[in-house]
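In what follows, a structure is listed as structure tokens, so that the remarks can point back to it.
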Amino acid sequence: MVAGVLLGPTLFGQVWPDAQEAVFPGEVRPVLYILSSIGLTLYMFLVGAGLDHASRVPGEVRRAPLLALSGIALSMLLGFGVGAVLWGTLSRPDVGR
């Protein structure tokens with residue numbers, strides 16, 4: 001996942017767009033997108049399969065929902081924060097907050 005962020009348009013495309021276009025031409029990007037979606041789906045399946053669903057320890061039962069909620073909440077907070085900070089840079093003039 002880290003390699004995807006580093007090689008994708010998030011970092012590599014912003015720092016060195018000509019090199020990213022040479023490494024990942026436009027014709028290849030849809031295929032890479034499909035493969036990355038399949039890979040992410042398999043990864044999330046393996047994470048879920050790795051949880052001990054038969055555990056009867058009281059703390060373990062509450063751990064999975066808490067872990068899911070913390071992942072969602074942290075992502076949303078970071079998204080709101082980045083959106084607020086970069087609003088002036090990334091938004092169009094006709095779009096308000």
inquiry  = What are the extents of the Cα atoms of the chain along their three principal axes, in Å, largest first?
reply    = 54, 35, 20
query = Taking the Cα centre of the chain as the origin and placing charges on Cβ (Lys, Arg +1; Asp, Glu -1), which of VAL31, ALA84, GLY13 is farthest toward the positive end of the dipole?
reply = ALA84
message = As I understand it, the value is the acute angle between the Cα axis of helix 58-90 and the longest principal axis of the Cα atoms of the chain; what does it come to in degrees, rounded to 10?
response = 20 degrees
message = Rounded to the nearest 20 debye, what is the charge dipole size of the chain about its Cα centre when +1 sits on each Lys and Arg Cβ and -1 on each Asp and Glu Cβ?
response = 420 debye
request  = Determine ³J(HN,Hα), in whole Hz, for all residues of the range 42-48 in sequence, where each value follows from phi through the Karplus function 6.51 cos²θ - 1.76 cosθ + 1.60 and θ = phi - 60°; x replaces Gly and Pro.
outcome  = 5, 4, 5, 5, 5, 5, x
inquiry  = Report the Cα centroid-to-centroid distance between the range 1-42 and the range 64-97 in angstrom, as an integer.
reply    = 22 Å
message = What are the ³J(HN,Hα) couplings of the range 25-36, residue after residue, when phi is run through the Karplus curve with 6.51, -1.76, 1.60 and θ = phi - 60°? Round to Hz, x for glycine and proline.
response = x, x, 5, 8, 4, x, 5, 5, 5, 5, 5, 5
task = Using only the alpha-carbon atoms of the range 1-50, report the extent along each of the three principal axes, biggest first, to the nearest angstrom.
result = 41, 21, 11
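Only the coordinates and a few stated rules stand behind these numbers; no lab work does. Everything numeric in this text was worked out from a predicted model, so none of it was measured. Counting neighbours? That spans all protein chains shown, and the Cβs are built from the backbone with ideal geometry, glycine included.
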